[in-house]
Amino acid sequence: MRLGELLLRKGVLNDTQLSQALTAREGAERIGQTLIRLKIASEEQVMRGLAEQAGLEYVDLSTITIDPALAEGMPLKAIFTKKVIPIARANGAVRIATADPLDLHALDDLRLLLGCRVEACVAKESEIVKAAKRFFGIGAETIDQMMDQKRDDLQVVDADRESSADIEDLAEDATLIRFVNQMLLEALQERASDIHIEPFEEELRIRYRIDGVLQKVPTPATIKRFQAAIVSRLKIMASLNIAEKRLPQDGRIKLVVQGREIDLRVSIIPNLYGEGVVLRILDRSNVLFGLRELGMPQSIFEIFEKLIAEPHGILLVTGPTGSGKTTTLYAALQQINSLDQKIITVEDPVEYYLPGIEQIPVKPKIGLTFASGLRAILRHDPDIILIGEIRDLETAEIAVQASLTGHLVFSTLHTNDAPGALTRLTDMGVEPFLIASTVEGILAQRLVRKICQKCRTPVGKKEFEVMRPTLPEDIREVFHGVGCESCRGTGYRGRSGIFEMLPMDEKIREFVMERTNAGAIKKFAIEKRGMLTLRDDGWERVRAGLTTPEEVLRVTKSDEYTA
């Protein structure tokens, strides 16, 4: 029975959909591939149909553990091009998972290659590719191909001795270009925010930052030989000087991937064993969050919403790098953006475009700093100003003056909590009476990883008793992720914000005027004003089963304070 008829009989598709697929087939494309491409049927439905058609078992590779030793001796080309992988050995036979059970020649070739009986089963192509990447690393077949290529005019040698001309030739090689593209595509598929390429004496390590945590990426052992060429390829893409290996360089790469506009911020620094590269991924097609979607507790949301509607004053968002400060401020600007308001931002860099808002990227090399940009935009009659970060006294003083002259100013600071922002401004040299007169509120925030919903389960009694001393007394149940394919075995997928809000009132302004330390201000805010701290909000997420105690303890400090 033909696959289309089989899926029709099983109710996976109807006559109209089958006719549509048959008409839309491209070249030698098989009907199953067409159904998946048109999203008429899922990959699993098609593969189960193929298994039934061929009289073979369907296997879900995400639920089984594969011994990497089974793949030893198999050519990478067979695994990656034929989409097959060995998954078990028993009774003198090797069990092979294939995405194409109709390709009998591939199975015969494997039988001769392995010198034993081969038993086939069917699995999703995407799962076979994931398993192959785990065992051999990203771009393994590409690296293998480069190792096999015979080059009479070019030899891959030590990076320190290789000439710039030779490196550039290799960097423009189609095979190496394909490897770099594979690395970038996988990082996007894995939702990475950064790619780290790190040279060491014996290896070239690649890591992705996913949900704020670095995770090592499997790579072929031979990738070290192509280190200089990989870095040079990225330099060419970022329009940097490939001959300069002694000085740090910064650049930008713009890509369009499946209709999505992607910006890569490239930073290259010389290390002991070569040049290290960090690529910051900015996906411009990502939908910006609305204020409600940030996940603020209702009490904090109401205060924040009121503060961003004020006619003038300074609103600060604090936290370390990567804590979501920019996302929060962008959400605020989107909410208050209207035709009767002029909004201008000065950022380093502009991470996402905001329709209807003028955005200025800082360029220190030509003298366009936060301070000089801020002076210039004040002459453009803005109502609302966003300063990417207050880094020095000059920027802080201009922000204060802008607030005093009737502007609403948003900005960020790197402090551990909300009260700490007040003392940080004082330490910068801003007069306490100016801080008290202009700052309207401070929001501190962090990002915690969310438990993966596909493998979320309650923590066992023994494990819960171990963590009991670190938890508030009213928490009786805790969840965690056991690890699955969806979360790369981490137990986490996605992130959520936790928040701490300190609105200014007369008493806190008095504390600022008296140069009271941050600990005393925090003590007052908690005990007298009921301020919800970052850790308090984190425990609320644990109670809701959204995150784990380990995550809350990882990103927040104890609420102890010194008055």
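Here are the numbers:
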quantity: Dipole-positive endmost among N241, F226, V266 within the range 218-267 (Cβ charges, Cα centre); calculated: F226
quantity: Exposure rank, largest accessible area first [L113, L393; 1.4 Å]; calculated: L113, L393
quantity: Cysteines having no other Cys beta carbon under 4.7 Å from their own, within the chain; calculated: C116, C121
quantity: Dimensionless Rg/Rh of the chain - Kirkwood Rh, Rg from C-alpha atoms; calculated: 1.03
quantity: Solvent accessible area, Å² - S323, 1.4 Å probe, full protein context; calculated: 10 Å²
quantity: Probe 1.4 Å, all protein chains present, accessible-area order of L443, L70, largest first; calculated: L70, L443
quantity: Fraction of accessible area attributable to carbon and sulfur, the range 1-63 (%, probe 1.4 Å); calculated: 45 percent
quantity: Solvent-accessible ranking of E275, E26, largest area first, probe 1.4 Å; calculated: E26, E275
quantity: Top positive-direction residue, dipole computed over the range 201-355 with Cβ charges, set V277, V213, Q335; calculated: V277
quantity: Expected-Rg normalisation [2.2 N^0.38 Å, Cα atoms] applied to the range 416-480; calculated: 1.88
quantity: Solvent-accessible area, 1.4 Å probe, carbon plus sulfur percent, for the range 191-342; calculated: 51 percent
quantity: Gain on full stretching of the segment that runs from H105 to F200 - 0.36 nm per residue minus C-alpha separation; calculated: 30.0 nm
quantity: Cα→Cβ-extended label distance, 7 Å offset, between Q189 and R375, nm; calculated: 5.1 nm
quantity: Viscosity 0.890 mPa s, 25 °C: Kirkwood-radius Stokes-Einstein D of the range 216-267 over Cα pairs, µm²/s; calculated: 193 µm²/s
quantity: Dipole in debye (nearest 20) - the chain, about Cα centre, beta carbon charges: Lys, Arg +1; Asp, Glu -1; calculated: 1000 debye
quantity: Cα-based convex hull volume of the range 1-131 per residue, rounded to whole Å³; calculated: 112 Å³
quantity: Rounded to the nearest 20 debye, dipole of the range 338-404 from Cβ charges on Lys, Arg, Asp, Glu; calculated: 240 debye
quantity: The range 410-519, Rg to Rh (Cα coordinates; Rh as Kirkwood inverse mean 1/r); calculated: 1.18
quantity: Cα-based Kirkwood hydrodynamic radius, the range 487-548, one decimal, Å; calculated: 13.8 Å
quantity: Computed magnitude of the charge dipole of the range 233-378 (debye, nearest 20; Cβ of K, R +1, Cβ of D, E -1); calculated: 640 debye
quantity: The chain - percent relative contact order, Cα under 8 Å, separation 6 or more; calculated: 9 percent
quantity: Heavy atoms of H105: accessible area, 1.4 Å probe, square angstrom to 10; calculated: 140 Å²
quantity: Per residue accessible area in Å² of the range 275-432, where ligands, DNA and RNA are left out and the probe is 1.4 Å; calculated: 43 Å²
quantity: Area of D250 that stays accessible when all protein chains are in place (1.4 Å probe, Å², to 10); calculated: 100 Å²
quantity: Average Cα contact separation per residue, the range 465-562, under 8 Å, 6 or more apart, as relative contact order %; calculated: 32 percent
quantity: Rg/Rh for the range 286-406, where both radii come from Cα atoms and Rh is the Kirkwood radius; calculated: 0.94
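The values are calculated or read from the model by the stated rules, or taken from the named source; none is laboratory data. Worth saying up front: this structure is predicted, and the values here are computed from it rather than measured. Note that each Cβ is placed from the backbone with ideal geometry, even for glycine, and that neighbours are counted across all protein chains shown. All accessible areas refer to the heavy atoms of the entire protein, side chains included, with ligands and DNA or RNA removed. Shrake-Rupley method; radii C 1.70, N 1.55, O 1.52, S 1.80 Å.
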